[in-house]
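Below is one structure, written out as structure tokens; comments come after it.
The values are calculated or read from the model by the stated rules, or taken from the named source; none is laboratory data. None of the values given here were measured: they were computed from a predicted structure. Positions of Cβ are generated from backbone atoms using ideal geometry, with glycine treated the same way; all protein chains shown enter the neighbour counts.
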Amino acid sequence: MKRSSILLKGLLRENPVFVLVLGTCPTLATSTSVISALAMGIAATAVLICSNIAISALRNLIPDKVRIPCYIVVIAGFVTIVQLLMEAYLPSLYEMLGVYLALIVVNCIILGRAEAYANSHTVGESALDGLGMGLGFLLALLCMATIREVFGNGSWAGISIPFLKDHTVPILTQSPGGFLVFGVMIALVIAITNGKAPVKKSFSCEGCPSAAACGKLSPAACEMNGKEAAGHD
């Protein structure tokens, strides 16, 4: 795959929020304002790039059976660095993000890219994948935050918009409004891509740390069970 394709795929066609539907919790929680969305997006992107690089570099040294705990340890290390830097130099943003900054450790986007991409690609490709997916996450946050802050609070990045100040829809800055905007954005992306996001689902025992424990199942039965589970998702 071309490097440009690796970088750009996360912006729309495989956007981690609107197409893969990952990282929903921080997306809804931090998209009430443009400033908090920008801070969360940059922090998550930094962690995603660094963790992808580290995991790709160490992929041949990490035992397969404990790869997920190892990924979490690596990700937690970079999240801690970002937290300490933000607390030291940007304390207002640190307070604004609160617990959601620490929860980057278990963000499905970061762990998912480690497992699905960095684990099987070179350091350079993994860095580009992390940057692309991080920018896609940042773009999604900014799009949602712009809609919610402008129409829900009559401002953008804290700057008041006079002609909207008296015609706001306050529910947009609350949880129901977040889900509403999220659903509309997903529908818009589906319309733009014609519902043909290149996401391939495969079910296999290969690489599964629990494969030995469920040895009763044949690969065919495992695949069938996986498809049935996906159908009832």
Top-ranked residue of the range 158-185 - restricted to ones that are assigned to a loop (DSSP other than H, G, I, E, B) and free of Cβ contacts under 8 Å to residues at least 24 places away in the same chain, ranked as surrounded by the most Cβ atoms within 10 Å (Cβ to Cβ): Thr168
Residues to consider are Ala39, Ala46; find the one that is touching a helix residue (DSSP H, G or I) at 6+ places or on another chain (Cβ under 7 Å), assigned by TED's automatic domain parsing to the domain that holds Tyr117 and crowded, with 21+ Cβ neighbours inside 10 Å. Ala39
What single numbered condition from (1) free of Cβ contacts under 8 Å to residues at least 40 places away in the same chain; (2) surrounded by fewer than 17 Cβ atoms within 10 Å (Cβ to Cβ) fails to hold for Phe78? (2)
Among the residues of the range 15-61, count how many are more than 23 Å from Ala76 (Cβ to Cβ) and either modelled with pLDDT under 90 or of a type in the set (S, T, N, Q) (or both). 4
Mind checking which residues of the range 56-107 are part of a helix (DSSP H, G or I) and charged (D, E, K, R)? Asp64, Lys65, Arg67, Glu87, Glu95
